[in-house]
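Below is one structure; the comments refer to it alone.
The values are calculated or read from the model by the stated rules, or taken from the named source; none is laboratory data. Keep in mind it's a predicted model, so treat the numbers as computed, not measured. Methodologically, a virtual Cβ is constructed for each residue, glycine included, from the backbone with ideal geometry; neighbour enumeration extends over all protein chains shown. For the accessible areas, the whole protein counts, side chains as well, though only heavy atoms, and no ligand, DNA or RNA atoms are used. Shrake-Rupley method; radii C 1.70, N 1.55, O 1.52, S 1.80 Å.
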Amino acid sequence: MPQINIFVISDSSGETALTVAQTAVSQFPSVKASYQRFPFIQTDSILEGILNLAKKQRAMIFHTLVNAKLSQHVREFSVANQLQQFDCIQPAMAVLHTATGLDPEGVPGLVHNLNDTYFDRIAAMEFAVTYDDGKDPAGLLKADIVILGVSRTSKTPLSLFLANRNLRVANLPLSPQTQLPQELWQVDPKRIFGLTNRPEILRKIRQERMISYGLPADSAYSDTQKITEELDYAAKLYKKIGCLVIDVSNKSIEETATLIMESVDYDLIPHPLAD
């Protein structure tokens with residue numbers, strides 16, 4: 001199996017360059033990659049030290065450096081030392097410059113500025129944690145989006161992902177044995193999304209969960225008949241509510257979130273989504 005070292009260099013957090021690198025590598029299943037991230041690099045001297053380390057390890061370099069001089073340094077060093085590099089930001093800035101005639105600010109981290117959008121996102125994250133897993137039914141009435149689903153249908157990670165898009169999300173676990181809060185029936189069905197899954201996939205997920213707790217894989221929690229009953233109960237509830245149903249089997253959190261965001265009636269959302 002081919003192995004590669006990847007250096008992620010950025011004058012901000014490096015999330016963008018890391019995502020680009022990981023996305024590219026995912027298309028090469030036979031390649032094993034190790035990642036080293038070097039965030040908040042804003043001086044030529046520190047950059048030089050990192051580049052020399054990359055040279056020793058024969059690493060590939062993915063970088064987001066809005067400072068044109070630093071970015072050029074990476075490119076020239078890579079050419080001189082026969083390293084592979086990919087600039088994740090300067091080409092995009094060049095396109096915008098050509099289209100608008102404006103020069104970029106060249107200031108690192110502007111996308112993360114502590115503006116109103118940033119604080120809205122933090123508030124949405126706090127909201128998702130506060131009203132996770134049906135902790136307080138009052139959150140159903142305050143939420144932009146309500147997510148329903150039986151246990152282990154990825155309600156919590158989906159809620160946090162959507163919160164990072166400035167959506168206030170409350171989620172509610174479903175079970176035939178659990179009484180539904182009255183607040184649920186006061187929520188506009190257009191703001192409710194029901195998650196479902198295939199019994200065999202959900203059984204495997206629950207078995208792995210039990211093992212992670214140091215418990216036997218097979219239990220009432222992972223029993224196929226019980227899971228089928230739960231899913232049937234949820235399906236009938238979704239039909240009664242009239243909400244959109246999303247089958248999350250073989251879907252990533254990102255895919256499910258995209259389906260929800262594409263289906264949201266934004267006229268019902270009191271604040272704009274973050275970019």
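Computed values, structure above
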| read-out | value |
| --- | --- |
| Per-region count, the stretch 169-183, residues within 27 Å of Ile122 (Cβ to Cβ) and either out of contact with any helix residue (DSSP H, G or I) (no Cβ under 6 Å at 6 or more places or on another chain) or modelled with pLDDT under 95 (or both) | 1 |
| Candidate set: the stretch 230-252, residues that are touching a residue at least 24 places away in the same chain (Cβ under 8 Å) and either among the polar types (S, T, N, Q) or farther than 16 Å from Leu148 by Cβ (or both); chosen: the one most open to solvent (accessible area, probe 1.4 Å) | Asn250 |
| Members of the stretch 208-221 found to be open to solvent by less than 70 Å² (accessible area, probe 1.4 Å) and either among the basic types (Lys, Arg) or touching a Pro at 6+ places or on another chain (Cβ under 9 Å) (or both), listed by number | Met210 |
| Qualifying position, being polar (S, T, N, Q), surrounded by fewer than 18 Cβ atoms within 10 Å (Cβ to Cβ) and in contact with a Gly (Cβ under 8 Å, 6 or more places away or on another chain), among Thr130, Thr117, Thr100 | Thr130 |
| Members of the stretch 189-248 found to be within 24 Å of Ile260 (Cβ to Cβ) and in a loop (DSSP other than H, G, I, E, B), listed by number | Asn197, Arg198, Gly242, Cys243, Val248 |
| Residues located in the stretch 61-88, provided they are farther than 18 Å from Glu15 by Cβ and part of a strand (DSSP E or B) | Gln85 |
| Residue identified as touching a Phe, Trp or Tyr at 6+ places or on another chain (Cβ under 8 Å) and hydrophobic (A, V, I, L, M, F, W, C) among Phe77, Phe62 | Phe62 |
| Extreme residue, surrounded by the most Cβ atoms within 10 Å (Cβ to Cβ), among residues of the stretch 148-188 that are touching a residue at least 40 places away in the same chain (Cβ under 8 Å) and assigned to a strand (DSSP E or B) | Ala170 |
| Failed item in (1) out of contact with any Ser or Thr (no Cβ under 8 Å at 6 or more places or on another chain); (2) of a type in the set (Val, Ile, Thr); (3) more than 23 Å from Glu105 (Cβ to Cβ), with Ile46 passing the rest | (3) |
| Failed criterion for Asn197 (all others in (1) open to solvent by 60 Å² or more (accessible area, probe 1.4 Å); (2) under 23 Å from the mean Cα position of the chain (by Cα) hold) | (1) |
| Candidate set: the stretch 83-97, residues that are in contact (Cβ under 8 Å) with a residue 12 or more places away in the chain and open to solvent by less than 100 Å² (accessible area, probe 1.4 Å); chosen: the one farthest from the chain's Cα centre (by Cα) | Leu83 |
| The stretch 1-57, subset in contact with a Lys or Arg (Cβ under 6 Å, 6 or more places away or on another chain) and open to solvent by 50 Å² or more (accessible area, probe 1.4 Å), residue modelled with the lowest pLDDT | Met1 |
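Listed here are the residues, each with its yes/no results for (1) modelled with pLDDT of 95 or more; (2) touching a helix residue (DSSP H, G or I) at 6+ places or on another chain (Cβ under 6 Å); (3) over 18 Å from Lys155 (Cβ atoms).
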{"residue": "Glu200", "(1), (2), (3)": "yes, no, yes"}
{"residue": "Gly214", "(1), (2), (3)": "no, no, yes"}
{"residue": "Thr224", "(1), (2), (3)": "yes, yes, yes"}
{"residue": "Ile227", "(1), (2), (3)": "yes, yes, no"}
